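The values are calculated or read from the model by the stated rules, or taken from the named source; none is laboratory data. Predicted, not measured: the structure shown is a model, and the values here were computed from it. Positions of Cβ are backbone-derived with ideal geometry, glycine not excepted, and every protein chain shown enters the neighbour counts. Each accessible area value is taken on the protein alone, full model and side chains, heavy atoms only, with ligands, DNA and RNA left out. Shrake-Rupley method; radii C 1.70, N 1.55, O 1.52, S 1.80 Å.
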Amino acid sequence: MTETPMRVRAPLRARAEIDLAALRANVHALRARAPRARLMAVVKADAYGHGMVPCARAAVLAGADWLGTATPQEALALRAAGLRTRLLCWLWTPGGPWREAIEADIDVSVSARWALDEVCAAARDCGRTARVQLKADTGLGRGGCQPADWPELVGAALAAEAAGLLRVTGLWSHYACADEPGHPSIAAQTARFDEAVAHAEKAGLRPEVRHIANSPAVLTLPESQYDLVRPGVALYGISPVPQLGSAADFGLRPVMTLSARLGLVKHVPAGHGVSYGHHYVTSAPTTLGLVPLGYADGIPRHASGKGPVLVGGAWRRVAGRVAMDQFVVDLGGDEPAPGAEAVLFGPGDRGEPTAEDWAVAADTIAYEIVTRIGPRVDRVYVNEEPADPGTGPDGPVGAAR
């Protein structure tokens, strides 16, 4: 995970430029859509490929109340970086580092009795009260406690609270089809969540937060906002519902611009095969440009022959297969100099493709396009805001609350 921001524009082979001003603006835009709820900035998966620690700091400085991660290792890395903001971690397996999480004041998600028992044992062992959020499976069929098992889990949590082992700080769930507004599962899941919350509160639990809204729900389901919303991909300026509107339509700006420097420009004759398998053969004499990025860097091989790239003010397409470390574009006779910029995606301001354009080319979602950009691509952070007193790489950012 990238933890130390690069501040100097260097002649890199390739760069993922991360605009932290855009991220801060996206936090403000999302807060405006949920003015009565607190906001959790989801920074799992290295902040969707953008760099977890720099993006977490920027989100907190912009007003995020909580941070969210999938794995315990991610959560502990945020604490090690000095971030003291409220923090929820939800992807646990038996034997997970419960004690370390409790001692780091991390809220841990519990979906089953085995997990609750392990949390209680860890809390007893370290002599501290664990912060626990109970997750209900309201229809996604992934993590979360099934309705039939919910009363038992709630009862066990109440008993553990009474024993001083834990405090239930949250009740939560996750939508299956929030990116398909009008899907019947949305109303059904909301109703089941209300039932789960009502049961828990009637039994005596008093959570700080109740939450179910992810990025598409924040943008399209105001009734789902409860006490806390959990935007993920929307923080990074990607529309979670592209069929309804672009990032700009929702007041969001893409945070990542991915570019590389052409490693070679050369003339080839008509009938010349390009890349493995010769799935592309030049139809006339032309120029080819070598882009030093490949599927080892996260460029999807499924975009072979289709992925768009801006070179010299014009859109080009990947010519032939994407290889492990490189791909080729047909420049149509144009002759940019070696080292000229090739922009794979960005906000679109300069006519460059967007991550959504690459998602269409690869028959996937824009979430995957940005998240899969690998560690060989340097993250270069721009528009950083001066750290507030007591914040930054060597000090805490935000306050646990």
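When we screen Leu228, Leu221, Leu264, Leu235 for residues that are under 30 Å from Leu331 (Cα atoms), in contact with a strand residue (DSSP E or B) (Cβ under 8 Å, 6 or more places away or on another chain) and at pLDDT 95 or above, the only hit is Leu264.
Listed here are the residues, each with its yes/no results for (1) closer than 19 Å to Ala16 by Cα; (2) among the acidic types (Asp, Glu); (3) touching a residue at least 60 places away in the same chain (Cβ under 8 Å).
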| position | (1), (2), (3) |
| --- | --- |
| Lys306 | no, no, no |
| Val309 | yes, no, no |
| Gly320 | no, no, no |
| Phe327 | yes, no, no |
| Asp330 | no, yes, no |
| Glu335 | no, yes, yes |
| Pro338 | no, no, yes |
| Phe345 | yes, no, yes |
| Glu352 | yes, yes, yes |
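Among residues of the stretch 28-41 that are at pLDDT 95 or above, those with a Cβ under 8 angstrom from a residue that is charged (D, E, K, R), sequence gap 6+ or separate chain, pair up as Ala37/Asp227; Arg38/Asp65; Arg38/Asp227; Leu39/Arg31; Leu39/Asp65; Met40/Asp65; Met40/Arg230.
The single condition from (1) assigned to a strand (DSSP E or B); (2) surrounded by fewer than 22 Cβ atoms within 10 Å (Cβ to Cβ) that Glu100 fails is (1).
Residues that are within 13 Å of Ile299 (Cβ to Cβ) and not aliphatic (A, V, I, L, M) within the stretch 321-362 comprise Arg321, Asp325, Gln326, Phe327, Phe345, Pro353, Trp358, listed in sequence order. If the condition is being open to solvent by 20 Å² or more (accessible area, probe 1.4 Å), without any contact (Cβ under 8 Å) to a residue 60 or more places away in the chain and within 26 Å of the chain's Cα centre (by Cα), then the stretch 280-303 contributes Tyr295, Arg301. Selection over the stretch 62-82 of residues that are closer than 20 Å to Asn26 by Cα and outside any loop (DSSP other than H, G, I, E, B) gives a count of 4. Surrounded by fewer than 18 Cβ atoms within 10 Å (Cβ to Cβ) and among the hydrophobic types (A, V, I, L, M, F, W, C): is that true of Leu87 in this structure? Considered against the rule, which asks whether it is surrounded by fewer than 18 Cβ atoms within 10 Å (Cβ to Cβ) and among the hydrophobic types (A, V, I, L, M, F, W, C), Leu87 comes out as no.
For the stretch 264-275, a tally of residues being surrounded by 12 or more Cβ atoms within 10 Å (Cβ to Cβ) and not in a strand (DSSP E or B) returns 2.
You will find that of Ala25, Ala56, the residue that is in contact with a Lys or Arg (Cβ under 8 Å, 6 or more places away or on another chain) and either within 27 Å of Ser259 (Cα to Cα) or open to solvent by 10 Å² or more (accessible area, probe 1.4 Å) (or both) is Ala25 and no other.
Among the residues of the stretch 240-250, those that are over 14 Å from Ala22 (Cβ atoms) and open to solvent by 10 Å² or more (accessible area, probe 1.4 Å) comprise Pro242, Gln243, Leu244, Ser246, Asp249. Within the option set Ala104, Ala22, Ala70, being closer than 19 Å to His211 by Cβ and either free of Cβ contacts under 8 Å to residues at least 24 places away in the same chain or not hydroxyl-bearing (Ser, Thr, Tyr) (or both) holds for one residue only, Ala70.
Residues of the stretch 365-387 that are open to solvent by less than 40 Å² (accessible area, probe 1.4 Å) and more than 15 Å from Gly51 (Cβ to Cβ): Ala366, Ile369. For the stretch 100-152, filtering for residues that are within 24 Å of the chain's Cα centre (by Cα), among the hydroxyl-bearing types (Ser, Thr, Tyr) and more than 16 Å from Leu76 (Cβ to Cβ) leaves 2. Out of curiosity, is Arg84 touching a Gly at 6+ places or on another chain (Cβ under 8 Å), within 30 Å of Gln243 (Cβ to Cβ) and among the charged types (D, E, K, R)? No: the conditions fail for Arg84. Ala123 meets all of the listed conditions (1) assigned to a helix (DSSP H, G or I); (2) out of contact with any Phe, Trp or Tyr (no Cβ under 9 Å at 6 or more places or on another chain) but one, namely (2).
Of the strands (runs of 3 or more DSSP E) lying entirely inside the stretch 146-263, the ones with 2 or more residues being under 30 Å from Ala115 (Cα atoms) are found at 166-172, 209-211. Working only within the stretch 80-97, note down all residues that are free of Cβ contacts under 8 Å to residues at least 60 places away in the same chain and more than 12 Å from Lys135 (Cβ to Cβ). Once the filter is applied, which keeps residues that are free of Cβ contacts under 8 Å to residues at least 60 places away in the same chain and more than 12 Å from Lys135 (Cβ to Cβ), the stretch 80-97 yields Ala80, Leu87, Thr93, Pro94, Gly95, Gly96, Pro97. Within the stretch 354-364, being in a loop (DSSP other than H, G, I, E, B) and surrounded by 21 or more Cβ atoms within 10 Å (Cβ to Cβ) holds for one residue alone: Thr354. For the stretch 304-346, the candidate set comprises residues that are under 17 Å from Ile373 (Cβ atoms) and out of contact with any strand residue (DSSP E or B) (no Cβ under 7 Å at 6 or more places or on another chain); within that set, the residue that is surrounded by the most Cβ atoms within 10 Å (Cβ to Cβ) is Val322.
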